[in-house]
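The values are calculated or read from the model by the stated rules, or taken from the named source; none is laboratory data. These numbers come from a predicted model, not from an experiment. Note that each Cβ is placed from the backbone with ideal geometry, even for glycine, and that neighbours are counted across all protein chains shown.
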Amino acid sequence: MIQKIELENGVRILAEEIPYVRSVSMGIWVGTGSRNELKEENGISHFLEHMFFKGTETRTAAEIAESFDRIGGQVNAFTSKEYTCYYAKVLDEHTQIAIDILSDMFFHSKFDKTELQKERNVVLEEIKMVDDTPDDIVHDLLSEVSYGNHALAYPILGTVQTLETFTNEHLRDYMDRYYTGDYVVISIAGNITKEMIEQIKEVFSKVKPTTHTPTITAPTFMPEKIVRKKDTEQAHICLGYPGLEIGHKDIYGLVLLNNLLGGSMSSRLFQEIREQRGLCYSVFSYHSSYQDSGMLTIYAGTGHKQLDELVTAVKETTEQLSASGMTAKELENGKEQLKGNLMLSLESTNSRMSRNGKNELLLKKHRSLDEIIEEINDVNLEDVNQLAKSILSNKPSISLINANGEMPHSLQH
């Protein structure tokens, strides 16, 4: 059972007790990411996440790292388009230490000017690293071309130009807007006690209530094309199709559709393009769900001379799936795989902590494993095939990185 506690300041605490394990995973989830940023502050969510690890009023950056190493624990953070998470996993006997340090980072980070400049350089190197990795950057280009001027088009890391402008005051102002009651969820899972929950309640009751309520507008999907010239050994391509928002009634149908299309080694894209035709090493698909929209993405990388043949093979695969749908056997196999993956993930305290945190932030509801399995079992062949037709018959947006900076003939119309 998941216990939910809502504090007077709007902070929500999700606690899932798993008494047969010896670990505890805790995450501070904040409901803001790159889509909440103004254009001129793009990248500030991610930069703030970095700065939380650079020292507090009582701990240096080294002491934060050493504190977790000393107890054999793990601490990390990540930023997405719609949320930021700071998390730790420790032995149950060290949970108080994890709560102390994570809350110290949350409330008392110094944002020292010297550390600010050093970390700015670190993130600049991170941006350069992504720019040097075409199979990474091609996905950012797809968001850029698919969403235009909407904030979902912004890169999570920001840009070199915006990063140079961030100051201590910018970070504090951003925290005042978003690191407040209604945006904060504390998720904890594992061998937890009432004392741990009481400690969390006491500490996070100090979070300021929310006063800033921005207007979030849904994006318009645009089937446009973008190509970037880069001296690479391979051409890297993404095709994007409009998908579904995170709470959509057909979301499990789309998960099953994506799995068949390119989500596993037995998928049609992998079998046809890699195994049968030998056109690439890497080909896959995935679905990104946001609060009010989604995108189904196909990625592949191949030699420049084979790009036209690859694109043709991808088109043939999507057109066949759109026209003929999946078979009853494929649907059954997909359901069993999805249920297996789901149940295996629940053996990890970190997975449960993450699942509860994300569900509370984005859906504000929690379903039991039995309810989810029932929803998966209820997906029928007609629904999935109708979904395939409605999504894959759309004109896709396209991002491409190759050596000559030109679209292949197969994509010029």
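Within the range 326-336, identify whether any single residue is in the same structural domain as Arg268 (by TED's automatic domain parsing), closer than 25 Å to Glu6 by Cβ and not polar (S, T, N, Q), and answer yes or no.
So far as the range 326-336 goes, no, none of its residues is in the same structural domain as Arg268 (by TED's automatic domain parsing), closer than 25 Å to Glu6 by Cβ and not polar (S, T, N, Q).
(1) under 26 Å from Tyr290 (Cβ atoms); (2) of a type outside the set (Lys, Arg); (3) crowded, with 17+ Cβ neighbours inside 10 Å: which one isn't true of Glu330, the others all being true?
(1)
Step by step: first the residues of the range 44-69, then only those that are part of a loop (DSSP other than H, G, I, E, B) and either touching a Phe, Trp or Tyr at 6+ places or on another chain (Cβ under 8 Å) or of a type in the set (Ser, Thr, Tyr) (or both), then the one that is nearest to Leu346 (Cα to Cα). Which residue is that?
Result: Phe52.
Can you go through Ser205, Ser267 and tell me which one is modelled with pLDDT of 95 or more, surrounded by fewer than 20 Cβ atoms within 10 Å (Cβ to Cβ) and out of contact with any strand residue (DSSP E or B) (no Cβ under 7 Å at 6 or more places or on another chain)?
Ser205
For the list (1) buried (at least 19 other Cβ atoms within 10 Å of the Cβ); (2) in contact with a strand residue (DSSP E or B) (Cβ under 8 Å, 6 or more places away or on another chain); (3) not β-branched (Val, Ile, Thr), I need the number of the one condition that Asp92 fails.
Looking at each condition in turn, Asp92 falls short on (1).
Please work out if Ser103 is under 21 Å from the mean Cα position of the chain (by Cα) and either small (Gly, Ala, Ser) or outside any helix (DSSP H, G or I) (or both).
Judged against the criteria, Ser103 is not a match.
Would you list the strands (runs of 3 or more DSSP E) that sit entirely within the range 181-297 and hold 3 or more residues that are under 27 Å from Arg352 (Cβ atoms)?
184-190, 283-289
Examine the range 35-52 for a residue that is of a type in the set (Ser, Thr, Tyr) and surrounded by fewer than 21 Cβ atoms within 10 Å (Cβ to Cβ), and state whether such a residue exists.
no
For the range 107-170, list the helices (runs of 4 or more DSSP H) that sit wholly inside it and hold at least 3 residues that are closer than 22 Å to Pro396 by Cβ; which are they?
134-147
As an exercise: evaluate Lys389 against (1) within 18 Å of His248 (Cβ to Cβ); (2) basic (Lys, Arg); (3) without any contact (Cβ under 8 Å) to a residue 40 or more places away in the chain; (4) surrounded by 12 or more Cβ atoms within 10 Å (Cβ to Cβ) and give the number of the one condition it does not meet.
(3) is the only condition that Lys389 fails.
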